[in-house]
Every structure is written in C-alpha cells, then in structure tokens.
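See structure below.
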Amino acid sequence: MTESPTTPMFNEVSQQMYPLSTLYVVATPIGNLGDITLRALHLLGLADAIACEDTRNTAQLMTRYGLSKPLIAAHQHNEREVADKLIARLQAGERIALVSDAGTPAISDPGARIVEAVRAAGLRVLPLPGPSALITALSASGLQDAHFYFAGFLPAKGKQRDTVLAGLRGVAATLVFYEAPHRIVDAVAALTAAFEPTRQIVFARELTKLFEEIHRCDLADAAAWVAADAHREKGEYVVLLQGAPTAIAADDVEADRVLRILMAECSVKQAAALAAQLTGQKKNALYERALLLKADLKAPLD
Ligand code: SAM
C-alpha cells in the first residue's frame, strides 16, 4: 500500500499538545471537504464532544471523515445557556470543539458568545484556523485596496440596507459582503444605486465547489451579469466592492487637463477610464474628479 504523503505530518500533528479543559474553535470547509487542516481532523477525533450550529450538518461532516462524537447543539438561540453547560464540562477536564456549519465559527456565525463566556470563566480557548469564505474570496479577487472592511450580511429590508450602504460610501477599503442567493438581485440593485458605476465588483460564488464562479466587472455591469444566467440566483456568494477612490489632489493640473480634453470628446465614464491609462491615477478617483469638473461649467480649458 502506498503511504499517503500526509501521513508523517499527520503523525507529527497528533503528537502535538492539545491541552485538557480547553475550548477549540475549529474552522471547517466552506464546500470542498478536502479543505480541512490536519490539526482540525486530529482534534475532531480527540475531542470529548463537539458544540455545533446544526447537529445534522456536523453529523454528516463527521461521517465523511470517518469520525463520530457526541454533538451539542449551539446555535444563535441557545448560545448563552449552552455556554454554561460547556463551561461545566471544560472545568471537569474535557476538550470541546466548537464548529459552525461551514467556515470559521463566530464569523457571521454563532460562537462569539460561547468564546466570551468560556474566556470569562478563566478557561482556555484555542483557535484552529482554516477556511473562511471572506478570506478565500479576497485572496482571489485581485482587488488591490490596501485594506478591507468586512460588512457581513446586509439588512434584508431595503431602507435599512440603503442606510448601511450610504454609511459605507466613503470607506477607502475593499467592502466585503456575505449574501444569500435569494437576495443577490436586490443587493446588486442597492449597490448600484449607492456607489459609483466605475467601481469594480467581484462576485465569488460557490467557492471551492463544483460550480465555483469568480467574476469581476464594473458595478455598472453587475446586474446584467447576474441576470445573464438563472443559476446565478442560486448558490452562496461573497460580494466584494472596490473601496472609495482616494481623492485626486485639487491642484492636480495635469489630471484636470487630460480629463477636460477627453470629456469634450466622450462620456465622463470613458474619459475617466482613458485618463486612468494616461495618468496612472485611479479610475474611480478620476471619475469623481470628472463629475466635479463637469459641474463646474465655468472651468476654463487651458
Ligand atoms: N463563518 C463562515 C465563514 O467563515 O466563511 C460564514 C458563515 S455565513 C452564515 C454563510 C455565508 O458565507 C454565505 O451566505 C455566503 O455569503 C458565505 N459563504 C459561505 N460559503 C461560501 C462559498 N462556498 N462560496 C461563497 N460564499 C460562501
């Protein structure tokens, strides 16, 4: 029999320290079951019990890895009560794993309250890092803002959603949203209404799964992309939006000169895109500047 290439490392991992009386926060795959770490696999096999968002989902996951453990339901409606029970078990010396349905617990998922309570009780919490949809999506987005802002799920109600988006307009960092498939059309409409049409948007759909799609386009073209295929109203999404443009300096004479010449010949959007190529400045910042110049009818052409 050929030895699996991971075996020596798995043996090493299984000999590492896994202290008793500890809550282990364990990330699990977001689609592809191969995306589990060796430490996570070992710990799930070692734990005395697993606290999980949905016992049916975790039971299935454990079966796929050939594991079986007592499962404790720990969802958003019982986190406080279950924390007390987990603390008693940890104080009795157990190792307990905390998992969510997919990805990293406590990231738009239950878990934070339990972690807080366990830490407040003076017990140890050890994270076992692994998949998270937001980091996976960011890594493949190609967006180059130096920072990102994780906005999680947008409110379902239109008015509240618009208020949240208005508050994000000036954030000069990639905006990252989680979105449910049945709300993707509404969410894109709200984003389109709230932000400049030249901002880049990235749809990261069904990451690590069979029908994974990662699509990047101008926000102006986003609704058409979603509408182009009925499957796009299904599946899980991370939506990333390029951050607010960093302003063009008011005394950037060269940028203004190029924009004025181009705007005499083409639309503001085209002028901004061409000016970005000519000046090396950010397209969004030039678009903002072009709108200002356009509004300033008295601005002379030098
Ligand atoms: N805690 C999880 C994590 O770390 O990624 C996120 C849990 S949250 C309840 C579920 C949301 O994550 C989905 O609605 C979707 O926005 C995003 N998501 C999870 N898996 C995904 C995948 N495979 N592809 C794209 N988005 C995903």
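The values are calculated or read from the model by the stated rules, or taken from the named source; none is laboratory data. Because the structure is predicted, anything quoted here is derived from the model rather than measured. Positions of Cβ are generated from backbone atoms using ideal geometry, with glycine treated the same way; all protein chains shown enter the neighbour counts.
Observations
- Residue within the range 184-191 that is acidic (Asp, Glu) and surrounded by 13 or more Cβ atoms within 10 Å (Cβ to Cβ) present: yes
- Filter result (within 25 Å of Gly31 (Cα to Cα) and not in a strand (DSSP E or B)) within the range 171-180: Ala180
- Of all residues making up the range 182-219, the number that are away from the ligand (no atom under 12 Å from the Cβ) and of a type in the set (D, E, K, R): 5
- Test result for Ala172, away from the ligand (no atom under 14 Å from the Cβ) and touching a Lys or Arg at 6+ places or on another chain (Cβ under 8 Å): no
- Candidates in the range 51-93 are the residues that are touching a residue at least 40 places away in the same chain (Cβ under 8 Å) and in a helix (DSSP H, G or I); of these, the one that is surrounded by the fewest Cβ atoms within 10 Å (Cβ to Cβ) is Gln91.
- Subset of the range 220-256 (residues that are touching an Asp or Glu at 6+ places or on another chain (Cβ under 6 Å) and more than 14 Å from the ligand (Cβ to nearest atom)): Gly243, Pro245
- Tyr149 meets all of the listed conditions (1) away from the ligand (no atom under 11 Å from the Cβ); (2) farther than 15 Å from Gly243 by Cβ; (3) at pLDDT 95 or above but one, namely (2).
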